[in-house]
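Each remark here refers to the structure printed beneath this line.
The values are calculated or read from the model by the stated rules, or taken from the named source; none is laboratory data. Remember, predicted model here, so these are calculated numbers, not experimental data. As a convention, Cβ positions derive from the backbone with ideal geometry for all residues, glycine included, and neighbour counts pool all protein chains shown. Heavy atoms of the whole protein, side chains included, go into the accessibility calculation; ligands, DNA and RNA do not. Shrake-Rupley method; radii C 1.70, N 1.55, O 1.52, S 1.80 Å.
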Amino acid sequence: MERVIPTKIVIASGYKEMSSLAASFVAGLVQEKPDLVMAIPSGRTPVGMYRQLGGMYRKGGLDLSRATFFLLDEYHGLGPRDKGSFYHFIRQNFMRLVNVPAVHVPDSRFPDAVEAGRRYEEEIASAGGLDLAVLGIGVNGHIGFNEPGRPFDSRTGPVNLTPETISANARYFKTPAQVPREAISMGLATIRQARSVLLLASGAPKAEAVAAALAGPVTTTVPASTLQRHPAFTAIVDSGAASLLSGFPQKG
Ligand code: PGA
C-alpha cells in the first residue's frame with residue numbers, strides 16, 4: 001500500500017457537526033484569502049455546510065463576494081434553467097443563501113464535450129488555479145463524477161456515469177429515464193492540483209467508500225484514494241461514515 005502523506009481525518013458526531021466543521025474550515029480559508037478560488041460539490045452531503053455558511057453570512061461573519069466558485073461537475077445537456085441541473089441545485093442550496101455573485105459551471109450543452117472540458121480548465125487556470133476543492137464521495141468511491149477506472153491524470157472532460165451513480169441520482173428527477181447518463185466532470189488531476197482538498201462524508205452507506213478511500217490502497221478502482229497523495233488533504237466524516245475506519249483518533 002502506498003501511503004505517502006498522512007491524511008488529516010476529523011470524525012464528527014453526526015451530519016450537523018460535520019457540516020459546521022466544514023463551514024468553519026471554508027470560512028477560515030476565506031478569512032485568510034478573501035479571493036479564494038474554490039471547487040464546490042452538489043449532492044446531499046454539502047447542503048448542511050452551505051446552510052451554515054449562509055448563517056455566517058447573515059450574521060455578518062462571512063463575505064464571499066470576492067471568492068470564485070467552480071462547480072465540480074454538470075450533467076451533459078442540462079442547462080442552468082433545467083431543474084435537474086447541478087447549476088439549479090447550487091443556485092437553490094448555496095447562491096440564494098450567501099453573497100456569491102456567480103458560480104462557474106462546465107458548459108455541458110456545448111456540442112463538443114472535450115472542448116467544453118478544456119475551456120473549463122482554462123477558466124480555472126485564469127482564475128489562478130483552485131485554492132480549495134470541497135468534495136463529497138459516492139458509494140463507489142467517486143469524487144466529482146470521476147467513476148472507478150478514471151485515470152488519475154484525467155483533466156476536465158466528458159464522463160459516462162455508472163448504473164450505480166445513475167440510480168443514486170434518480171431522486172432528483174421525476175422518472176428514472178430522465179436521469180442523464182453522461183456528464184462533464186473536473187478531472188482527478190484537476191482536483192488534485194487544488195492547493196487544499198476537503199472531503200466530506202456522512203452516514204453508514206458511505207463507510208465502505210470512506211475506508212477504501214482513506215485507508216485502502218491507492219488505486220483507480222477507488223478514485224478518491226488518489227487524495228492520499230495530496231499534501232493538504234483533510235477529511236471531515238461523521239461517525240456513521242467513519243465506522244469502518246480503524247486506527248484514527250476520534251475528534252469531535
Ligand atoms: P451525495 O453524493 O452527497 O448526494 O451523497 C455524493 C457524490 O455522489 O459524490
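Observations, loosely collected:
- Angstrom value of the Kirkwood radius, inverse mean 1/r, which spans all Cα pairs in the chain: 18.0 Å
- Cα gyration tensor category, rounded, prolate or oblate, for region 167-252 with a/c compared to 1.5: oblate
- Label-point separation, SER126 to VAL139 (7 Å along Cα→Cβ), nm: 4.1 nm
- Computed over the chain with a Gaussian network model linking Cα atoms closer than 10 Å, the most mobile of MET186, MET95, MET38 is MET95.
- Measuring nothing but how far apart in sequence close Cα pairs (under 8 Å, 6+ apart) lie, relative to its length, the chain scores a relative contact order of 27 percent.
- GNM top mover of ALA177, ALA209, ALA12 - the chain, alpha-carbon springs below 10 Å: ALA177
- Whether region 68-130 is rounded, prolate or oblate, judged on the alpha carbon gyration tensor where a/c under 1.5 counts as rounded: oblate
- Of all DSSP-defined beta bridges confined to region 152-252, some 45% are antiparallel rather than parallel.
- Label-zone membership for region 126-151, site VAL114, 7 angstrom Cα→C-beta point, backbone N under 17 Å: 151
- Per-selection Kirkwood Rh - region 95-157 (Cα, Å, 1 d.p.): 13.7 Å
- Fraction of beta bridges assigned by DSSP in region 15-203 that are antiparallel (%, nearest 5): 40 percent
- Stretch gain in nm, segment ALA177-GLU32, where the contour uses 0.36 nm per residue and the Cα spacing is subtracted: 47.7 nm
- Whether region 123-226 is rounded, prolate or oblate, judged on the alpha carbon gyration tensor where a/c under 1.5 counts as rounded: oblate
- Ordering of 166-173, 101-108 by packing [mean C-beta count within 10 Å, highest first]: 101-108, 166-173
- As a ratio to 2.2 N^0.38 Å, the alpha-carbon radius of gyration for region 1-88 is 1.27.
- In the context of the full set of protein chains, residues of the chain present 44 Å² of accessible surface per residue (probe radius 1.4 Å, heavy atoms only).
- Mean ellipticity per residue at 222 nm, deg cm²/dmol - from DSSP H runs of n ≥ 4 across the chain, formula -39500 (n - 2.57): -8500 deg cm²/dmol
- As a fraction of the 1.4 Å probe accessible area of the chain, surface on carbon and sulfur atoms comes out at 53 percent.
- For the chain, built as a Gaussian network whose Cα springs stay under 10 Å, the top-fluctuating residue of GLY149, GLY138, GLY60: GLY60
- Subset of LYS16/LYS59; LYS33/LYS174; LYS59/LYS206 violating a 29 Å alpha-carbon distance limit: LYS33/LYS174; LYS59/LYS206
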